[in-house]
Amino acid sequence: MTVVGATPPLPVRDRATARERSGSGVSPMLTRLADERATGVLDREHGTLHLAEGRVVHAESPLAPSLGMLLTAHGALDAEAWQDIEAGAEEGQLGRLQRYGVTPGALELAQVSALYDAAYFALAPSSTPGRFRYGAAHWLASVHPVPVAELERETLRRRALLRRIWPDPATDGAPLIRADPVAAPAVPSRQAAVLGHVDGVRRAADIARELGRPAFHTLVHIRRLAAAGLVSPQPPPAPDPPPDAAADPYVALLKRVRDALEAL
C-alpha cells in the first residue's frame, strides 16, 4: 500500500473487526480509508475510486464506459457539451450540467450507474498494491456518495451473479467469437444487440462502449450467451512452429561435413 501526502499513516485495525464491519473484505485498504473518513483518490490496477469523507463519490475504469459516455450515448448530452462541462471550473461543473438540461435526478441515476459499474472493475483482485493520494473532493461528491461497505457488498453480489450464470470468466476480457449451433435458441433483444457486435475482435468493454451501456450489464448478457452456447472466447493464436532445421544454413553445412566424413 502506498499513501501519498502529509496526513499521518492510516490506523491499523484488527482484520476480523474490519471484515465484520465492512461485510466483505474486498479491499482492506479502502475499508481503512472509510474509517479514517479520508478524501482523495485511490488508484488501483483496474481503475480509480474517488473518496470524500470516507465515501466513494466517483469511480473510473478503462474497462467501463465513463459517466460522460453514458450521458452522451442516450442523448442526455452531446459530446461537445460534455467536453465543455469537463473543462469548467470544479465549482461550476454541476451548474453547467443543469444549464445543458441534465436534471438532478437524471444526473444521480447516471452517476450511480457509472460509479457501481466502474467500481466493480476497480475492485477486482489485483497483482499490484493500491496507492492513495489525499486531496480535494471530486466535483461529483455531492451527487450520491456511496458507503464503502455498501459498495463492497454490491461488488461481491455481482461477482456471485456472474458465477451463477456461467462460471468461466474467460469471456469477460477476451475477444469474442460467435458459435453456430444447429438450433440456436432465441435470445432477448438486449442480448441480441450484444451478439450483433461479436466479431472476433471486440471484447466486452468494447461492446459496452459501442452500445453505450454499463459494462457489467454487458458481462451479464455475454455470460448468458456463453451459457447458451452462442459465444466463446477467441482462442489464443497458435504458437509459431519451431524453425525448420533443414533451412538453417549452419545445420546444412554441418550435415555436409558429416556426410563427407562418413564417405571417407
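Pick out the one residue from LEU156, LEU176, LEU211, LEU140 that is farther than 30 Å from LEU97 by Cα and either at pLDDT below 95 or not assigned by TED's automatic domain parsing to the domain that holds LEU123 (or both). Spell out how you get there, then give the answer.
Numbers: LEU156 fails: either at pLDDT below 95 or not assigned by TED's automatic domain parsing to the domain that holds LEU123 (or both); LEU211 fails: farther than 30 Å from LEU97 by Cα; LEU140 fails: farther than 30 Å from LEU97 by Cα.
Matching residue, one of LEU156, LEU176, LEU211, LEU140: LEU176.
Any residue that is in the same structural domain as ALA141 (by TED's automatic domain parsing), of a type in the set (Gly, Ala, Ser) and without any contact (Cβ under 8 Å) to a residue 24 or more places away in the chain - is there at least one of those in region 31-53? Break it down into steps so the answer makes sense when it comes.
Looking only at region 31-53, we keep the residues that are in the same structural domain as ALA141 (by TED's automatic domain parsing), and these are 31-53.
Imposing the further condition that a residue be of a type in the set (Gly, Ala, Ser) reduces the set to 34, 38, 40, 47, 52.
Pick out the ones that are also without any contact (Cβ under 8 Å) to a residue 24 or more places away in the chain and you get none.
No, because not a single residue in region 31-53 is in the same structural domain as ALA141 (by TED's automatic domain parsing), of a type in the set (Gly, Ala, Ser) and without any contact (Cβ under 8 Å) to a residue 24 or more places away in the chain.
Could you check region 150-170 and list, in sequence order, the residues that are out of contact with any Leu (no Cβ under 8 Å at 6 or more places or on another chain) and touching a residue at least 60 places away in the same chain (Cβ under 8 Å)? First the steps, then the outcome.
Taking region 150-170 first, the residues out of contact with any Leu (no Cβ under 8 Å at 6 or more places or on another chain) are 150, 153-154, 156-161, 163-168, 170.
Those that are out of contact with any Leu (no Cβ under 8 Å at 6 or more places or on another chain) and touching a residue at least 60 places away in the same chain (Cβ under 8 Å): ARG153, LEU156, ILE165, TRP166, ALA170.
Test THR31 against the stated conditions and say whether it is over 22 Å from LEU107 (Cβ atoms) and in a helix (DSSP H, G or I). Quick ask: steps written out before the conclusion?
Details: over 22 Å from LEU107 (Cβ atoms): yes; in a helix (DSSP H, G or I): yes.
Criteria met by THR31.
Could you check region 22-72 and list, in sequence order, the residues that are farther than 29 Å from ARG209 by Cβ and crowded, with 20+ Cβ neighbours inside 10 Å?
SER22, THR31, ARG32, LEU33, ALA34, ALA38, THR39
Just one of (1) surrounded by fewer than 15 Cβ atoms within 10 Å (Cβ to Cβ); (2) modelled with pLDDT under 95; (3) not basic (Lys, Arg) trips up VAL112, so point out which.
Among (1) surrounded by fewer than 15 Cβ atoms within 10 Å (Cβ to Cβ); (2) modelled with pLDDT under 95; (3) not basic (Lys, Arg), the lone unmet condition for VAL112 is (2).
Just checking, how many residues over region 115-136 are of a type in the set (Ser, Thr, Tyr) and either over 17 Å from PRO28 (Cα atoms) or touching a helix residue (DSSP H, G or I) at 6+ places or on another chain (Cβ under 7 Å) (or both)?
Step one: list which residues in region 115-136 are of a type in the set (Ser, Thr, Tyr), which gives 116, 120, 126-128, 134.
Now restrict to residues that are either over 17 Å from PRO28 (Cα atoms) or touching a helix residue (DSSP H, G or I) at 6+ places or on another chain (Cβ under 7 Å) (or both): 116, 120, 134.
Of the residues in that region, 3 qualify.
Would a scan of region 143-150 turn up a residue that is over 30 Å from LEU30 (Cβ atoms) and not in a loop (DSSP other than H, G, I, E, B)? First the steps, then the outcome.
First pass over region 143-150, keeping only residues over 30 Å from LEU30 (Cβ atoms): none.
Looking through region 143-150, none of the residues is over 30 Å from LEU30 (Cβ atoms) and not in a loop (DSSP other than H, G, I, E, B).
Tell me yes or no: at least one residue of region 94-108 is under 25 Å from THR31 (Cα atoms) and surrounded by fewer than 19 Cβ atoms within 10 Å (Cβ to Cβ). Talk me through it step by step, then tell me what you get.
Applying the first criterion (under 25 Å from THR31 (Cα atoms)) to region 94-108 yields 108.
Keeping just the survivors that are surrounded by fewer than 19 Cβ atoms within 10 Å (Cβ to Cβ) gives 108.
Within region 94-108, one or more residues are under 25 Å from THR31 (Cα atoms) and surrounded by fewer than 19 Cβ atoms within 10 Å (Cβ to Cβ).
Filter region 151-182 for residues that are in a helix (DSSP H, G or I) and in contact with a strand residue (DSSP E or B) (Cβ under 7 Å, 6 or more places away or on another chain); which is nearest to LEU42 (Cα to Cα)?
Residues of region 151-182 in a helix (DSSP H, G or I): 151-165, 170-173.
Still in the list and also in contact with a strand residue (DSSP E or B) (Cβ under 7 Å, 6 or more places away or on another chain): 151, 170-171.
On the way: LEU151: 14, ALA170: 27, THR171: 27 Å.
Filtering first and then ranking leaves LEU151.
If you take the residues of region 219-244 that are under 19 Å from the mean Cα position of the chain (by Cα) and under 12 Å from GLY173 (Cβ atoms), which of them is modelled with the lowest pLDDT?
PRO233
Here is a check on your reading of the model: is TYR134 closer than 21 Å to VAL41 by Cα and surrounded by 12 or more Cβ atoms within 10 Å (Cβ to Cβ)? Let's see the steps before the verdict.
On the way: closer than 21 Å to VAL41 by Cα: yes; surrounded by 12 or more Cβ atoms within 10 Å (Cβ to Cβ): yes.
Criteria met by TYR134.
Among the residues of region 194-225, write down those that are under 19 Å from ALA73 (Cα atoms) and not in a helix (DSSP H, G or I).
Within region 194-225, GLY196, HIS197, ARG202, ARG203, GLY212, ARG213, PRO214 qualify.
The values are calculated or read from the model by the stated rules, or taken from the named source; none is laboratory data. From a predicted model like this one, the values you see are computed outputs, not experimental measurements. Every residue, glycine as well, gets a Cβ built from its backbone with ideal geometry; the counts of neighbours run over all protein chains shown.
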